Amino acid sequence: MIKLDELYSGKAKTVFRTDNPEKLIMEFRNSLTAFDGKKKSQAPKKGYYNAQISATLFRLIANNGIKTHFDSMLSETEMIVDSVDIIKIEVIVRNIAAGSITKKYPFNTREKLNPPILLFDYKSDEYGDPMINDDIALALGLATMEELSEIRTLALMINSILVKYMNDRNLLLPDFKLEFGRCKGSIVLADEISCDTCRFWDKTTGKSLDKDVFRFDKGNLVAAYREAAKRIVPAISL
C-alpha cells in the first residue's frame, strides 16, 4: 500500500489517502491537547501507546461481532482503516460519574451509574461539541432514527465488552467516547479507543491512567499511558 497526500490532520492524528480509494492510513501522533485546544504539549511514545491500545480494542470488538473501520497496522503508529463517512455525533458512554457530568448534574465523583448513561454530542469545533438529542440530530440531518437506534445498541454492546476486558486487567472504565461511520451500507465503529478518548482508573488505587493526567497535572503522562498499554495490550514492547 502506498501512502499518498494528507487528507486531514486533527488534534492527535493525521489521516492520509492511499493508492486504494477504499483505504486510509491513520497516523497517531505524540501531540496532546486539552480544554478545546487551550492546553497543548508533546509526549514521547504517546502515539505508539494509543495506536497499540486502539488496535487491540478494535480487534476485541470485531471478534465480538461488531464491525469497525480497522484493517491492520502498517507500522507501530500507523493504522490502515476503511474509508468511512463519519457521522458527526460523538457518543459518550458513562459508567461512573467523573468530569463534566458532576458539574452539570447532582452526581458525586466516582458514583456508579446504573444503568450506564449514553450521551450524544454534535461533533463540531465551531459550536463547541454541544450535547444534542435525537430531535436535534434528525433536524441537522446527522443520522436517521434507525441509525440513531443502531448506534445506541452498538455503543452499549461495546461498553459491555470493554468493561469486562478492563475489569479482568484491574482497570475501571468510568467513561469513553466513540465515533461511528457509514461504510458499504453498514454502521461501523471508527476513530480510536485509547487513553485520549477513555478514562482508565486503576481498580485498586483509583489512579488515572489516561489524559486526565495531562489535563489536571496529575503526574507523569508517559508513565500513565505506558501502564495502561501494558495492561491492555498483550505482549506490548514498552
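The table below gives the values:
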{"item": "For the chain, size of Cβ-based charge dipole, Lys and Arg +1, Asp and Glu -1, in debye", "result": "1080"}
{"item": "Compactness of region 121-184 as Cα Rg over 2.2 N^0.38 Å, two decimals", "result": "1.34"}
{"item": "Overall Cα dimensions of the chain, principal axis frame, Å, largest first", "result": "48, 45, 37"}
{"item": "Only Lys, Arg (+1) and Asp, Glu (-1) charged, at Cβ; region 105-238 dipole about Cα centre in debye", "result": "800"}
{"item": "Cα centroid separation, region 55-75 to region 218-235 (Å)", "result": "20"}
{"item": "Backbone HN-Hα couplings from phi across region 14-29 [Karplus 6.51/-1.76/1.60, Hz, Gly and Pro as x]", "result": "10, 10, 10, 6, 10, 6, 9, x, 8, 10, 10, 10, 10, 9, 8, 9"}
{"item": "For ASP210, distant residues with modelled amide H under 5 Å away", "result": "PHE200"}
{"item": "Taking all pairs of distinct alpha-carbon atoms in region 59-185, Kirkwood radius in angstrom", "result": "16.1"}
{"item": "Virtual spin-label span in nm between ASP129 and ASP168, 7 Å along Cα→Cβ", "result": "2.9"}
{"item": "Carbon plus sulfur fraction of accessible area for the chain, probe 1.4 Å, in percent", "result": "50"}
{"item": "Peptides 47-56, 141-150, 226-235 ordered by average Cβ neighbours within 10 Å, highest first", "result": "47-56, 226-235, 141-150"}
{"item": "Cβ-derived FRET efficiency at R0 30 Å, ASP85 paired with SER160, nearest 0.05", "result": "0.70"}
{"item": "Per residue, in Å², the accessible surface of the chain once ligands and nucleic acids are set aside, probe 1.4 Å", "result": "49"}
{"item": "Distance-filtered residues of region 122-144 - backbone nitrogen under 14 Å, label point 7 angstrom along TYR8 Cα→Cβ", "result": "123-126"}
{"item": "Listed residue pairs exceeding 22 Å between alpha carbons, taken from LYS45/LYS123; LYS11/LYS211; LYS23/LYS211; LYS39/LYS203", "result": "LYS45/LYS123; LYS23/LYS211; LYS39/LYS203"}
{"item": "5 angstrom amide H check on ILE132, placed H, neighbours 5+ away", "result": "PHE120, ASP121, TYR122"}
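The values are calculated or read from the model by the stated rules, or taken from the named source; none is laboratory data. Please read all numbers here as calculations on a predicted model, not as lab measurements. Counting neighbours? That spans all protein chains shown, and the Cβs are built from the backbone with ideal geometry, glycine included. Heavy atoms of the whole protein, side chains included, go into the accessibility calculation; ligands, DNA and RNA do not. Shrake-Rupley method; radii C 1.70, N 1.55, O 1.52, S 1.80 Å.
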